[in-house]
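Here's the structure, in structure tokens; my notes come after.
Please treat every number below as a calculation from the coordinates, not as lab data. Small disclaimer: the values here were computed from a predicted structure and weren't measured. Here the Cβ is made from the backbone with ideal geometry for all residues, glycine too, and neighbour counts use every protein chain on show.
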Amino acid sequence: MKRKFVSNLILVLVLNFIIKPFYILGIDAEILKITELNNAGTYGTYFSLLSLSFVFNIFLDLGINNYNTRNIARDNNKIHGELNGNLSLKLALSFIYILLLFSVGIIFSYNWYEIKWLIVIGFNQILVALILFMRSNLSALFLLKEDSFISVLDRIILILFCGYFLWAGTTNTLITIEFFILSQTLAYTLTLIICIAILKNKIREFKLHWNIPFFKSTIQKSLPYALLIFLMSIYYYSDVVMIERMKNNYEAVSYAHGYRFFMAFNMVGYLFAGLLLPVFSKMIKEGNNVSSITWLSFRLIFLIAILICASIWPIKDELLFWRYEIIGDNLLHSSRTFGWLLLSFIAISCNYIFGTLLTANGSLKQLNIMAFTGVFINLFLNMILIPEYGSEGAAFASLITQLFTLFSQIIISYRQFHFQLFHVGGIQLLAFIILTCITSYTIHYLNLFSTIWYINIITTLIVGGVFSLILRLVSIKDIFKLVKSHQNELI
């Protein structure tokens, strides 16, 4: 079982670090470039509508997936009854979600063409939610390889399908936002069908089961968690909607240029959270000290985030030009926005550690108060900054919000677990930041090793990694310790 776990963990990491970033920067970013060349502003509208669909995404789950995984993992025989009841609740929530999106579209004065896009995007989100629900059953049944495959199948389909039209010599006039949205519909539908086919061999039948008391009980138990996710979704995704509504869709495109890279980098934090949640949950339940594993995880993700930010920052304009072929004021504006997003990425990466810890601890009241305050800060700053600074102002507002939530979570964690705030070795961390920034500056601006930007990025990452080892901030042994902790808690 341990061997199976380790091989699956490696498979998940490889698939997620290769397939998903390639999709974001290869397919999504290429469609952004082409659609903006063909019909400027359309991607900005799409990006705004997609962000709006994410804000209300919690209404598609309400904590059902976590409940389902935990319940069925304890007793696999429960899948025959639980799956159908939860599936019925999912479908009911999906209907409410679509009505909610339609109502918000009307309130925000979208035209009928944009509302049509919003509904189709919402339908795609429903398909994604159903895939995640089916995957929660695969995970609970310990069908680990199947779950790993399904986790990237939709991206593989999109890479193959969209990639053919993007790079097979066809005319770029075929590449439109409608084409992209419907391509996602195709990929999600095929993925859901394959996922259901895998599960069908493990259960008696798929049958809707309308159990109102069960629905009420599930929703009541998940409300604090659902409220937290909803509040966090507001300050994560409302920026783009406010940019498009308060300025225009061109400004939303400027935000999207850097945001594509931000999402690719964000895979690191997302994977850390998935790795740590079961570890923290079991350690807290058994009364074990979580200080060591928390600060180890913090050091690892902080070092990775600093390395990425320091290696990208000096050539962020070159990177955007290489990917989108934008020039002049548009490039300068997008580059500045990207810079604030890079700094925000550092804070968000660290938020994954402490947010996961506090979620595992059940500190939802404190997290909800923090999130509510974060929403207020984010909306207030956006209303002040977006009218004058556009996407740059929104990215700066995001940075301030994420820094606030990070420091709040550290303080809450300190009070809950009596952490030593300087346990991580503050002097070593500061020395690492300074040395890495100086190295990045020397390599990029003085062309110490090469004039080719991607070689300079690789060089900065390697030298920064050596600094982390010299300063004893992290070691290979530490990484194995984290993986072994995850392994021991699940096996």
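List of remarks:
- Net charge over other residues, Cβ less than 15 angstrom from the Cβ of Gly390 (K, R count +1; D, E count -1): -3
- Cross-link pairs beyond the 23 Å C-alpha cut-off, checked among Lys221/Lys365; Lys20/Lys145; Lys200/Lys282; Lys90/Lys221; Lys116/Lys216: Lys200/Lys282; Lys116/Lys216
- With R₀ fixed at 41 Å, the C-beta to C-beta distance from Glu178 to Phe372 puts the FRET efficiency at about 0.65.
- Net charge contributed by nearby residues that have their C-beta within less than 14 Å of Tyr454 (K/R +1, D/E -1): +1
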